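The values are calculated or read from the model by the stated rules, or taken from the named source; none is laboratory data. Here the structure is a predicted model, which means the values were calculated and not measured. Glycine also receives a Cβ, built like all others from the backbone with ideal geometry; neighbour counts cover every protein chain displayed. In case anyone asks, the SASA skips ligands and DNA or RNA and just uses the protein heavy atoms, side chains included. Shrake-Rupley method; radii C 1.70, N 1.55, O 1.52, S 1.80 Å.
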Amino acid sequence: MKQTVTAGVMVPHPPIILPNIGRGEEKKIQDIADACQHAADAIVASQPDTILIVSPHAPSYFDYIQISDGPSGHGSMAQFRDPMDTFEIPYDRELIRETARICEETGIPAGTLGQQDGSLDHGTMVPLYFLEEALKRAPGSTKRPQFVRIGIGGPNSRMHYRVGQAFAQAAETLGKTIAIVGSGDLSHCQKEDSGYGFKPEGPAYDAMIMDIMGQADFLKLLEIPEETAEAAMVCGQKPFALMAGVLDGMKPRTENLAHSAKFGVGYGVVTYTDLQTDAGRAFLDQAEDAARQNYEAKVAREDPYVKAARAVINQFVLDGTVPQLDPVSDEAAGVFVSVHKDGQLRGCIGTTEPTTRNVTTEIMQNAVSAVSRDPRFPAVQPWELEDLDINVDVLMPAEVIDSPDQLDVKKYGVIVSKGGKRGLLLPDLEGVDTVEKQLEIAKQKAGLSPQETGCTLQRFEVVRHK
């Protein structure tokens, strides 16, 4: 029986690597260009029916992973002052629709929903440039493949891995062979004089990811926290995870071909060929078990206030109902429930004064609102629940103050009001290090100008439960 998956490659997508754009600058990363061409040659030599390209610059949704649909994809590098390099690729709609069907049936938030206009992005077209060159050099008997373009989305790396598995399953069902291109740059903060500046997380991430991908250690890839990739300003982690999902259950011959941060952005090239079935390399269950253990340990550390909020959030997101809870406190107070995911705010709703009979019912009311009614975010989805971190702040009564000098961003929250407008900011928030910043944000939340004068100020303390 023929192997369903023929090859995989991890490649970057810097437009400057194309001669018509680089105009000589591309020679500074000639080792990367040579490695990209070697990777493209490996894909073409494996003679797949269809080549999948995962790009972080394809259409992206907070709660969905989009597969491009339609008869074809088309585009040019004109936005980079290169109208000469143009691309037109036929899409494998049979594979697209079968994969979308599998995702829908298994609850994976991926498929062909969303805007579809057929235009290609540079994360797709840069690898296509090298694939086209490889196809030109291939023997005349080499068949021209179809293509599938896949974006990334808000779901975590494990969910992207599942999408990769769905493509492999769909290809096997249809009797097709596929190869996968994970298009993504590494850290964008490698040099002070680059557009993104320097952060020590950048080189550290690149060293780690090149070691992991060079060993095809996809379990470690799935265990990298999302915050780590975000701190290093990486766009390739989820494309690599989806690629790894396509290669699930197979042992490859791996070549770690090149790495460069010449322009301040990390570029890495790794190839995966000569794939052999290996049941020991089915990594998703192991990654899910580790994530579940981390989740259970986190929940075990939470105090009763947070446990109550989590119980409400979990049940409401899963089935739309709210559990009956024993009181954690008989006191009545205003409560804020804050939800974070991967270190980023995911929802926060609260009351400055009690609106229900006790703190428990206040928590229940605001927990539901935080995950479903915060206008800044879409509603939380079931697949996000184990990634959520929850805080519950119980507010003490507010007192009017005469001057900002009476504020302390670590100790006191602030309420700013004027003319019926009112804005509140909790104390001890990440990134809010000065009273000036605290007041600026509170005024903005009230719909007031940061320079607004004559405002009434109140301060309050909170008891923060984690």
**Request:** Would you confirm whether any residue within region 439-462 is within 30 Å of G107 (Cβ to Cβ), in contact (Cβ under 8 Å) with a residue 24 or more places away in the chain and not in a loop (DSSP other than H, G, I, E, B)?
**Result:** no
**Prompt:** When you go through H74, H38, H57 one by one, which is the residue that is assigned to a loop (DSSP other than H, G, I, E, B) and either of a type in the set (S, T, N, Q) or open to solvent by 20 Å² or more (accessible area, probe 1.4 Å) (or both)?
**Reply:** H57
**Residue count for region 171-205, restricted to those that are closer than 27 Å to I224 by Cα, hydroxyl-bearing (S, T, Y) and open to solvent by 10 Å² or more (accessible area, probe 1.4 Å)** = 2
**Request:** Select from region 150-170 the residues that are within 29 Å of E133 (Cβ to Cβ) and assigned to a loop (DSSP other than H, G, I, E, B) and write down the one among them that is most open to solvent (accessible area, probe 1.4 Å).
**Result:** I152
**Fill in**
Flagged in region 206-229 as closer than 30 Å to K2 by Cα, in contact (Cβ under 8 Å) with a residue 24 or more places away in the chain and open to solvent by 10 Å² or more (accessible area, probe 1.4 Å), in numbering order, are G214, Q215, L219, L222
**Asked** Yes or no: L385 assigned to a loop (DSSP other than H, G, I, E, B) and either under 30 Å from A297 (Cβ atoms) or more than 36 Å from the chain's Cα centre (by Cα) (or both)?
**Response** no
**Asked** Checking E302 against (1) free of Cβ contacts under 8 Å to residues at least 40 places away in the same chain; (2) touching a Lys or Arg at 6+ places or on another chain (Cβ under 9 Å); (3) among the charged types (D, E, K, R), which single condition isn't satisfied?
**Response** (1)
**Complete:** Over region 344-354, the set of residues loosely packed, with under 14 Cβ neighbours inside 10 Å and under 17 Å from the mean Cα position of the chain (by Cα) is Q344
**Message:** If I go through region 115-149 residue by residue, how many of them are open to solvent by less than 20 Å² (accessible area, probe 1.4 Å), touching a Pro at 6+ places or on another chain (Cβ under 8 Å) and either charged (D, E, K, R) or outside any loop (DSSP other than H, G, I, E, B) (or both)?
**Reply:** 3
**Message:** Name the single residue that is farthest from G343 (Cα to Cα) among those in region 422-438 being open to solvent by 70 Å² or more (accessible area, probe 1.4 Å) and part of a helix (DSSP H, G or I).
**Reply:** E436
**Complete:** The residue from D289, D342, D274 that alone is in contact (Cβ under 8 Å) with a residue 24 or more places away in the chain, over 30 Å from P397 (Cα atoms) and among the charged types (D, E, K, R) is D342
**Message:** Restricting to region 86-114, name every residue that is among the charged types (D, E, K, R), in contact with a strand residue (DSSP E or B) (Cβ under 8 Å, 6 or more places away or on another chain) and either free of Cβ contacts under 8 Å to residues at least 40 places away in the same chain or part of a strand (DSSP E or B) (or both).
**Reply:** E88, E104
**Asked** Of the numbered conditions (1) on the phi > 0 side of the Ramachandran plot; (2) surrounded by fewer than 21 Cβ atoms within 10 Å (Cβ to Cβ); (3) within 27 Å of the chain's Cα centre (by Cα), G111 satisfies every one except a single condition; which is it?
**Response** (2)
**Positions within region 211-238 being in contact with a His (Cβ under 8 Å, 6 or more places away or on another chain) and within 19 Å of F167 (Cβ to Cβ), in sequence order** = K238
**Asked** Quick one: is M77 more than 26 Å from N156 (Cα to Cα), touching a Leu at 6+ places or on another chain (Cβ under 7 Å) and not hydroxyl-bearing (S, T, Y)?
**Response** yes
**Message:** Can you find, within region 352-380, the residue that is farthest from V392 (Cα to Cα) among those that are among the β-branched types (V, I, T) and in contact (Cβ under 8 Å) with a residue 24 or more places away in the chain?
**Reply:** V380
**Prompt:** When the residues of region 355-402 are filtered to those that are over 28 Å from D63 (Cα atoms) and hydrophobic (A, V, I, L, M, F, W, C), which remaining residue is most open to solvent (accessible area, probe 1.4 Å)?
**Reply:** V400
**Prompt:** From the set of residues in region 230-257 that are small (G, A, S) and surrounded by fewer than 22 Cβ atoms within 10 Å (Cβ to Cβ), which is farthest from the chain's Cα centre (by Cα)?
**Reply:** G249
**Asked** Which ones in region 105-140 are more than 20 Å from Q37 (Cα to Cα), out of contact with any Lys or Arg (no Cβ under 9 Å at 6 or more places or on another chain) and small (G, A, S)?
**Response** G107, G114, G118, S119
**Selected residue (only one of M250, M233 is touching a strand residue (DSSP E or B) at 6+ places or on another chain (Cβ under 7 Å) and touching a residue at least 60 places away in the same chain (Cβ under 8 Å))** = M250
**Message:** Would you confirm whether or not region 406-415 contains a residue that is touching a Phe, Trp or Tyr at 6+ places or on another chain (Cβ under 9 Å), open to solvent by 60 Å² or more (accessible area, probe 1.4 Å), more than 30 Å from N294 (Cα to Cα) and assigned to a loop (DSSP other than H, G, I, E, B)?
**Reply:** no
**Asked** more than 29 Å from the chain's Cα centre (by Cα) and either crowded, with 23+ Cβ neighbours inside 10 Å or in a loop (DSSP other than H, G, I, E, B) (or both): does that describe K2?
**Response** yes
